[in-house]
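Visitor: I'd like to ask you about the structure that follows.
Rule-based calculations on the coordinates, nothing more; no lab input. Because the structure is predicted, anything quoted here is derived from the model rather than measured. Quick reminder, even Gly has a Cβ in these numbers, built from the backbone with ideal geometry, and neighbours come from all protein chains shown.
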Protein chains: 2
Amino acid sequence: MPTPREGELLVHNVYLSLDPTMRTWINELPSYFSPVAIGEVMRGSAIGVIEQSRNAKFPEGTLVLGLLGWQDYALTDGTGLRVLPKDPSIPLTAYFGLFGIVGMTAYFGLLDIGKPRAGETLVVSAAAGAVGSIAGQIGKIKGCRVVGIAGSDEKCHWIEDELGFDTAINYRAEPVLESLNKHCPDGIDVHFENVGGAILDAVLSLINLHARIVLCGLISIYNASESEPGPYNLPHIMQIIIKRARAEGFLVLDYMDRAREAMQDLRQWYAQGKLRYRVDIVDGLQNAPRALNKLFDGSNKGKLIVKV
Amino acid sequence: MPTPREGELLVHNVYLSLDPTMRTWINELPSYFSPVAIGEVMRGSAIGVIEQSRNAKFPEGTLVLGLLGWQDYALTDGTGLRVLPKDPSIPLTAYFGLFGIVGMTAYFGLLDIGKPRAGETLVVSAAAGAVGSIAGQIGKIKGCRVVGIAGSDEKCHWIEDELGFDTAINYRAEPVLESLNKHCPDGIDVHFENVGGAILDAVLSLINLHARIVLCGLISIYNASESEPGPYNLPHIMQIIIKRARAEGFLVLDYMDRAREAMQDLRQWYAQGKLRYRVDIVDGLQNAPRALNKLFDGSNKGKLIVKV
């Protein structure tokens, strides 16, 4: 058990967030974060309670959220920590979802990069995932026809019946291109991409003039090796030119100074009953490595969280 | 020989422009134009002189440019025709290049989509081609470090020594990724893409934060079949997210109402000696089909034109 020095605090982790992007942190290739080195504590966003503090800005007992890592206790000087309010109406786990990075990712990705307009058709991949499910619901709030792509009938029912998506496509049971073609009779104006690969190819073949492709994640390739061969579905890349489309990547980290704007809207929509979410809680830090795989085989149901 | 009816004119074609995009017009897949049907006159931009006119807006002897097709004579009602000035200081063929669609493609693609800033690094593929050679020179005018990729030593010397590119890479003689890495020590901020495939992959691996990828053409895939397998160089697609980059397609046809703006700048820069071009003229309409292939094997030297 480490002991805090002057200016430091000891946080007892309670919940750990598991997110697809973590997979990219353990590649050798540098990304927006440097790769986690072998032997280092795995990087991860966690919520904890301050057990010991030698830093006046962080009293003992305060709830905090930050990159506290896959560990029971974290020693930190408080840099980058977010102090969570003690608001009993909001469950702590929501700060990993709707009221955290995940909600902001959906919010800024869809609205700032996708720029959806009422009446347009929005397609969301990994639509039952933490980010996709919120992006699709925001699309409905903005007046879009929203088609979600997910990997099981249960997920499809959830996003259609509970979240209000217009249609859901089970990519494991249906031919995606044909189903998209059927359910997007006016083509696709905005695509919120969490998957990549064959799903992105199918979407590109149906985009409208001036379509916007929000490149949020590419979970289908995070486990692929650089040299893996695959289909280069050529005419679909050409569609970006023919349709004068825009494909743009973004990282929510660039939007931190606009967090208040997102939180205001997300809280209001949640209070109005327009946004729903669900969490999938795995018990015990020792189960985190196996649990991370649930994001890649699609067996999680909602925002994946480890109860430390 | 057709005879014009009331309102029509008969144009005697003089020059025919050959452009890579023509290859996409003879695919079965619909593009920004409908496919040319078997048995139809091949679509093509031509310059001709009006030999007979029954349309008061177009006097006989007028020089015009338009989609007059691969034929000696075209019958038209004048829709879409551009009347060319009789200015002896500008050779007719320049209206296919610098002072035509090609010049505007380079101008709006680079400036409107690429938004280069002084001091940034610009990479241009097919840099000795009609569009690429102008895009690179505009990049120099705007103060960029400009690296061109071309397919022969002769082309590389031309763009370096005559056009003022900072460096040229011969993709047939050098490993493109290594050479780009060497010649772009500060990374790549803007990429003007005319080629696609492996060259685009190499560029993506070196892009900077907030890079802009101008998708102008993908000549490497115009002759490919839909099912052709190829390397899915996965981490490079991911670069668009990691670097918050934007890849955007455009068509010069959308900029026709801003033609005057481009022409003013292009004429001024040309008069100041800041823009150069060259033409590659093939004699005889009967040689047009074989000549079109020169764009794909890279044997043309400059804007490819058929003297009808």
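Visitor: Using a label point 7 angstrom from Cα along Cα-to-C-beta, what distances in nm, from shortest up, separate residue A:157 from the other copies?
Guide: Copy-to-copy label distances at residue A:157, shortest first: 7.3 nm.
Visitor: Continuing with the same structure: Remind me, what semi-axes does chain A give for its equivalent ellipsoid, largest first in whole Å, using sqrt of 5 times each Cα gyration tensor eigenvalue?
Guide: In descending order, the three semi-axes are 35, 21, 17 Å.
Visitor: Same structure, new question: Under a point spin-label approximation (7 Å from Cα along Cα-to-Cβ), what is the residue A:198-residue A:153 distance to one decimal in nm?
Guide: Each label point lies 7 Å from its Cα, and together they span 2.0 nm.
Visitor: Counting every Cα pair in the protein assembly as shown, what percent are over 30 Å apart?
Guide: On the way: 112090 of 189420 pairs.
Of the Cα pairs, 59 percent sit more than 30 Å apart.
Visitor: Another question about this same structure. Below 8 Å, C-alpha to C-alpha, sequence gap of six or more: please give me the relative contact order for the range A:101-252 in percent. Walk me through the numbers before you get to the answer.
Guide: Details: 311 pairs, mean separation 35.0, N = 152.
Value for the range A:101-252: 23 percent.
Visitor: In the range B:1-79, which GluC sites (Glu not before Pro) are in a loop and have at most 16 other Cβ atoms within 10 Å, using DSSP for the loop call?
Guide: Numbers: sites: B:6, B:8, B:28, B:40, B:51, B:60; in loops: B:6, B:8, B:28, B:40, B:60.
Passing both the DSSP loop test and the Cβ count: B:6, B:28, B:40, B:60.
Visitor: Past the 30 Å Cα-Cα mark, which pairs from B:115/B:303; A:115/B:115; A:243/B:303; A:57/A:142; A:243/A:294? Write out the running numbers ahead of the final one.
Guide: Numbers: B:115/B:303 25 Å; A:115/B:115 20 Å; A:243/B:303 26 Å; A:57/A:142 40 Å; A:243/A:294 36 Å.
With Cα atoms farther than 30 Å apart: A:57/A:142; A:243/A:294.
Visitor: Which residue of chain B is nearest the rotation axis onto chain A, counting by its Cβ, and what is the distance in whole Å?
Guide: B:247, 2
Visitor: Place +1 on the Cβ of every Lys and Arg and -1 on the Cβ of every Asp and Glu in chain B, take the dipole about the Cα centre, and give the residue among B:272, B:103, B:4 whose Cα lies farthest towards its positive end.
Guide: Of the options given, the answer is B:272.
Visitor: Once Lys and Arg get +1 and Asp and Glu get -1 on their Cβ, which of A:58, A:252, B:223 lies farthest toward the positive end of the dipole of the protein assembly as shown?
Guide: About the Cα centre, the residue reaching furthest to the positive side is A:58.
Visitor: Would you mind calculating the gained length between residue B:172 and residue B:43 on full extension (0.36 nm times residue separation, minus the Cα-Cα distance), in nm to one decimal?
Guide: Working: separation 129, 0.36 × 129 = 46.44 nm, distance 3.18 nm.
Full-extension gain reported as 43.3 nm.
Visitor: Let me know the mean shielding of B:242-254 by other chains, meaning the per-residue number of their Cβ atoms within 10 Å of its Cβ.
Guide: On the way: counts 8, 4, 9, 5, 7, 9, 10, 13, 5, 5, 0, 1, 3.
Mean shielding count: 6.
Visitor: Right, next: By how many nm would the segment from residue A:34 to residue A:263 lengthen if fully extended, with 0.36 nm per residue of separation less the alpha-carbon distance?
Guide: Working: separation 229, 0.36 × 229 = 82.44 nm, distance 2.85 nm.
Full extension of this stretch gives 79.6 nm more.
Visitor: Let me ask something else. Distances from residue A:296 to the same residue in each other copy, label points 7 Å out along Cα→Cβ, in nm, shortest first?
Guide: 4.0
Visitor: Further question: Measuring from a point 7 Å past the Cα of residue B:281 along Cα-to-C-beta, which residues in the range B:4-48 have an amide N at less than 16 Å?
Guide: So the set is B:13-18, B:46-48.
Visitor: Calculate the spin-label point distance for residue A:77 paired with residue B:26, positioning each point 7 Å from the Cα along the beta-carbon direction, and give it in nanometres.
Guide: Rounded to a tenth, the inter-label distance reads 6.8 nm.
Visitor: Let me ask something else about it. How big is the antiparallel share of DSSP beta bridges in the protein assembly as shown, given as a percent to the nearest 5? Please report the intermediate quantities before stating the final value.
Guide: Numbers: 46 of 98 bridges.
Close to 45 percent.
Visitor: Something else: Taking a point 7 Å out from Cα toward Cβ as the label site, list the nm distances between residue A:75 and the same residue in every other copy, smallest first.
Guide: Taking the point 7 Å beyond Cα along Cα→Cβ, the inter-copy spacings are 9.1 nm.
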